[in-house]
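Scroll down for the structure; my scribbles are underneath it.
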């Protein structure tokens with residue numbers, strides 16, 4: 001049985017990583033912080049029943065919660081005269097072309113973006129990704145294939161075009 005001290009240790013140790021994943025899922029720093037908090041709150045209520053490593057359980061909560069927020073997103077949007085730049089997590093070192101990669105990831109459908117984040121940013125296996133998303137390994141493979149095809153076809157990421165212009 002896990003204790004509240006173990007929960008606190010988990011939160012302290014894993015929050016930066018969870019926040020990075022949450023940010024990549026929702027693309028907004030404040031929403032990412034809310035997502036981590038909400039996910040940890042949900043995990044707290046089930047903490048004593050979690051057997052083994054709690055991180056996959058918490059990450060699954062994050063993915064399903066972000067999906068439910070995405071479905072409800074339109075009810076929370078408010079019109080604005082200007083569009084602010086999205087805040088980036090402070091401890092993330094993005095490459096020089098990170099903004100273009102981030103924009104291309106943002107153009108992917110929600111499910112494909114989740115697969116890419118879990119597989120390549122979080123370095124999860126296909127089986128772990130499938131478990132976190134609640135789908136089959138085959139679905140992870142097909143979603144990943146579709147996402148990578150879209151990223152390869154994204155003109156903002158075309159390396160050859162940029163080299164020939166300079």
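Values quoted throughout were computed directly from the atomic coordinates according to the rules given, and no laboratory measurement underlies them. Here the structure is a predicted model, which means the values were calculated and not measured. Neighbour counts are summed over all protein chains in view; Cβ atoms, including those assigned to glycine, are modelled from backbone coordinates with ideal geometry.
Counting other Cβ atoms within 10 Å as a rough exposure proxy, the listed residues 9, 123 run 123, 9 from fewest neighbours to most.
Determine, from the Cβ-Cβ distance of residue 15 and residue 155 and an R0 of 22 Å, the FRET efficiency 1/(1 + (r/R0)^6), rounded to the nearest 0.05. Efficiency, rounded to the nearest 0.05: 0.05. Across segment 25-61, the residues whose backbone nitrogen lies under 15 Å from the label position 7 Å along the beta-carbon direction of residue 3 are 48. The modelled label-to-label distance for the pair residue 41/residue 121, using points 7 Å beyond Cα in the direction of Cβ, is 2.3 nm.
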